[in-house]
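Written below as structure tokens is the structure these notes are about.
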Amino acid sequence: MDVISDFSDVEGFFDEGEWEVEKKMIDVGDAAVKYAEEHGDYQDHTLTLRTSNKYDVDKDGLTLYNDATAPNGYQYASNVESKGFDVLSGASLHAEKRLKEEFEK
């Protein structure tokens, strides 16, 4: 007895699942940047640090970063964080918690 199976829709199923995961990471990335803007405990006179918080989503996951740099390569966010202020680290922990809640159900 031969069994004939049609798996032509499997690729679409996986594509839809990948998009759902990516969309959730995008939502968490948006929320993390907003969290950083609202909870940063430093004075940002020029708004450079707060507006430089960004995220990227790819097949490997969610990456949060701050792209505020001086022309000489000086990393503003790293320097401010090293002085004990929260620029993006609190948002990173918040994002990690949210992703665990979403994907470890």
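The values are calculated or read from the model by the stated rules, or taken from the named source; none is laboratory data. Since the model is a prediction, treat every value here as computed from it, not as a measurement. FYI the Cβ positions are ideal-geometry reconstructions off the backbone, even for glycines, and counts take in every protein chain you see. Heavy atoms of the whole protein, side chains included, go into the accessibility calculation; ligands, DNA and RNA do not. Shrake-Rupley method; radii C 1.70, N 1.55, O 1.52, S 1.80 Å.
In the stretch 61-72, which residue that is outside any strand (DSSP E or B) and either in contact with a strand residue (DSSP E or B) (Cβ under 7 Å, 6 or more places away or on another chain) or under 30 Å from Glu102 (Cβ atoms) (or both) is most open to solvent (accessible area, probe 1.4 Å)?
Among those that are outside any strand (DSSP E or B) and either in contact with a strand residue (DSSP E or B) (Cβ under 7 Å, 6 or more places away or on another chain) or under 30 Å from Glu102 (Cβ atoms) (or both), it is Asp67.
Ala32 passes all but one of (1) open to solvent by 30 Å² or more (accessible area, probe 1.4 Å); (2) touching a His at 6+ places or on another chain (Cβ under 8 Å); (3) hydrophobic (A, V, I, L, M, F, W, C); which number fails?
(1)
Within the stretch 45-60, is even one residue among the acidic types (Asp, Glu), modelled with pLDDT under 90, closer than 18 Å to Lys97 by Cα and assigned to a loop (DSSP other than H, G, I, E, B)?
Yes.
List the residue pairs whose Cβ atoms are under 8 Å apart, where the first residue sits in the stretch 81-105 and is in contact (Cβ under 8 Å) with a residue 60 or more places away in the chain, the second is basic (Lys, Arg), and the two are 6 or more positions apart or on different chains.
Listed pairs, sorted by first residue: Leu99/Lys24; Glu102/Lys24; Phe103/Lys24.
Just checking, does the stretch 26-40 include any residue being of a type in the set (Val, Ile, Thr), assigned to a helix (DSSP H, G or I), farther than 17 Å from Leu93 by Cβ and under 11 Å from the mean Cα position of the chain (by Cα)?
Scanning the stretch 26-40, I find at least one residue that is of a type in the set (Val, Ile, Thr), assigned to a helix (DSSP H, G or I), farther than 17 Å from Leu93 by Cβ and under 11 Å from the mean Cα position of the chain (by Cα), so the answer is yes.
If a residue has to be at pLDDT 90 or above and either part of a loop (DSSP other than H, G, I, E, B) or out of contact with any helix residue (DSSP H, G or I) (no Cβ under 8 Å at 6 or more places or on another chain) (or both) to count, how many in the stretch 73-105 make the cut?
Counting residues in the stretch 73-105 that are at pLDDT 90 or above and either part of a loop (DSSP other than H, G, I, E, B) or out of contact with any helix residue (DSSP H, G or I) (no Cβ under 8 Å at 6 or more places or on another chain) (or both) gives 12.
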